[in-house]
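Have a look at the structure below, then the notes.
The values are calculated or read from the model by the stated rules, or taken from the named source; none is laboratory data. Small disclaimer: the values here were computed from a predicted structure and weren't measured. Because the Cβ atoms are built from the backbone with ideal geometry, glycine has one as well, and the counts that use them run over all protein chains shown.
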C-alpha cells in the first residue's frame, strides 16, 4: 500500500487548555514522522472542511448549532470533559473533512491515516462526550454509504469503547462496528451483549478486554473473531478508529500494546481491506502520551508501506477467555 497522512496545522487551534487532549497532539505525531525514513514515502494531504450536510448525516441540527454557538460565544464546556473554544467549530469541521479526505485518497491509489483532532468516536448524535465534538469516522461511513457502497466495516481499537459510533449504527445492517477496548472503563458501554438492535442485530461486535491486555490478546481477537466476521460481512471499505491510547506507555489507559502490536493490527486490517479493492482508511482517535502515540502511528504506517509486520507473542489466559466469550456471543449471527 502507498500510505498518506491527512493533516492541517489548524488542528492545533482547537484550544483545550491544560487538557490531556492537547492542542499539539496531532502536530507531535507529524513532527516525529518528519524525522523518520518513512517521511519521504508518505503523501501529505490537506483536508477541506466538512459541510453542514455532512454533519447532519450523523448529528442532529440542534446539537450542531449548540457546538457552533458555543464556539461563537467565546467557548464553553459541552460536557465535563469536552470544551469548545472559539475556533473549535471550524476545526471540528476540518477534522470531519480530514476523515472524508480518506475516501478521496483512494481515488489516487493511497491509503490514508487522518491525523485529526478533535477526536470523534464518543460524540453522540445529540451531545458531546469524551473530548469529541463530531463523530469523524461515522460521518465518513455515512458518506460512503450515500456514495453507493452497501457495506462498510469499522474497527475501533481505541482504549475506550466507541459508544458514539456504536450508537450511530446500532440498528444499521450496512455498517459492521467492531470495538476492542478496556473494560471496565469510560464510557461504561461495550459489553459482549451489545450486538445491535432491529435490522442491525449482529452487526455490532464488542471485545471488552481487561486492563493489562497485550499484543497477543489483540491479535488473537483479530484472527479468531474479527477477521472471520469481516470476511462473511464482505465490506466494500474498512475504516479504523485508531486510538493509540492502548500503548503501554499511555497512562490514560492500562493496556500493554507495543509498536509491534500496532504494526500487526495494521497488517491485519490491510489484509481485510484487500477484497474491498484496498479501501482502507484510518482516523486518529485517542492517544495522550505524545511520544508513544507518534511511535505507534509510525509503526502502523510502516506496516502499511512495507506490506506486513513481525509476529507477536501468544495471547494471555485472560485474553483467550475474553475472545472466547465474544465468539460465543457472536455465533448467533456468524459462523465462528
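Here are a few things to note about the model shown:
- Sole exception among (1) surrounded by fewer than 24 Cβ atoms within 10 Å (Cβ to Cβ); (2) touching a strand residue (DSSP E or B) at 6+ places or on another chain (Cβ under 6 Å); (3) within 28 Å of residue 86 (Cα to Cα) for residue 196, by number: (3)
Residue-by-condition table, conditions (1) on the phi > 0 side of the Ramachandran plot; (2) in contact with a strand residue (DSSP E or B) (Cβ under 7 Å, 6 or more places away or on another chain); (3) surrounded by fewer than 24 Cβ atoms within 10 Å (Cβ to Cβ):
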| site | (1), (2), (3) |
| --- | --- |
| 249 | no, no, yes |
| 272 | no, yes, yes |
| 286 | no, no, no |
| 290 | no, no, yes |
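- Region 278-297, residues that are in a loop (DSSP other than H, G, I, E, B) and free of Cβ contacts under 8 Å to residues at least 60 places away in the same chain: 289
- Residue match in region 310-318 (condition: more than 18 Å from the chain's Cα centre (by Cα), part of a loop (DSSP other than H, G, I, E, B) and modelled with pLDDT under 95): yes
- Candidates 102, 67: the one that is over 15 Å from residue 118 (Cα atoms), buried (at least 20 other Cβ atoms within 10 Å of the Cβ) and in contact with a helix residue (DSSP H, G or I) (Cβ under 9 Å, 6 or more places away or on another chain) is 102.
- Hits in region 3-29 (condition: surrounded by fewer than 23 Cβ atoms within 10 Å (Cβ to Cβ) and assigned to a helix (DSSP H, G or I)): 9, 10, 12, 13, 27, 28
- Here the condition is being within 23 Å of residue 57 (Cβ to Cβ) and surrounded by fewer than 24 Cβ atoms within 10 Å (Cβ to Cβ); of 173, 208, it holds for 173 alone.
- Among the residues of region 12-32, the ones that are in contact with a helix residue (DSSP H, G or I) (Cβ under 8 Å, 6 or more places away or on another chain) and farther than 29 Å from residue 268 by Cα come to 7 in all.
- Checked against (1) farther than 16 Å from residue 157 by Cβ; (2) modelled with pLDDT of 95 or more; (3) over 17 Å from the mean Cα position of the chain (by Cα), residue 251 passes all but a single condition, namely (2).
- Hits in region 80-117 (condition: in contact with a strand residue (DSSP E or B) (Cβ under 6 Å, 6 or more places away or on another chain) and farther than 22 Å from residue 152 by Cα): 83, 84
- Tally of residues being over 30 Å from residue 211 (Cβ atoms), touching a residue at least 12 places away in the same chain (Cβ under 8 Å) and either within 10 Å of the chain's Cα centre (by Cα) or surrounded by fewer than 24 Cβ atoms within 10 Å (Cβ to Cβ) (or both) across region 145-156: 6
- Among the residues listed as 119, 125, the single one being buried (at least 18 other Cβ atoms within 10 Å of the Cβ) and in contact (Cβ under 8 Å) with a residue 24 or more places away in the chain: 119
- Checked against (1) surrounded by fewer than 21 Cβ atoms within 10 Å (Cβ to Cβ); (2) closer than 30 Å to residue 201 by Cα; (3) touching a helix residue (DSSP H, G or I) at 6+ places or on another chain (Cβ under 9 Å), residue 325 meets all criteria but (3).
- Failed item in (1) surrounded by fewer than 20 Cβ atoms within 10 Å (Cβ to Cβ); (2) within 16 Å of residue 216 (Cβ to Cβ), with residue 315 passing the rest: (1)
- Among the residues making up region 35-55, those that are in a loop (DSSP other than H, G, I, E, B) and surrounded by fewer than 15 Cβ atoms within 10 Å (Cβ to Cβ) are 35, 37, 46, 48, 51.
- Evaluation of residue 301 against (1) in contact with a helix residue (DSSP H, G or I) (Cβ under 9 Å, 6 or more places away or on another chain); (2) part of a loop (DSSP other than H, G, I, E, B) (one fails), failing number: (2)
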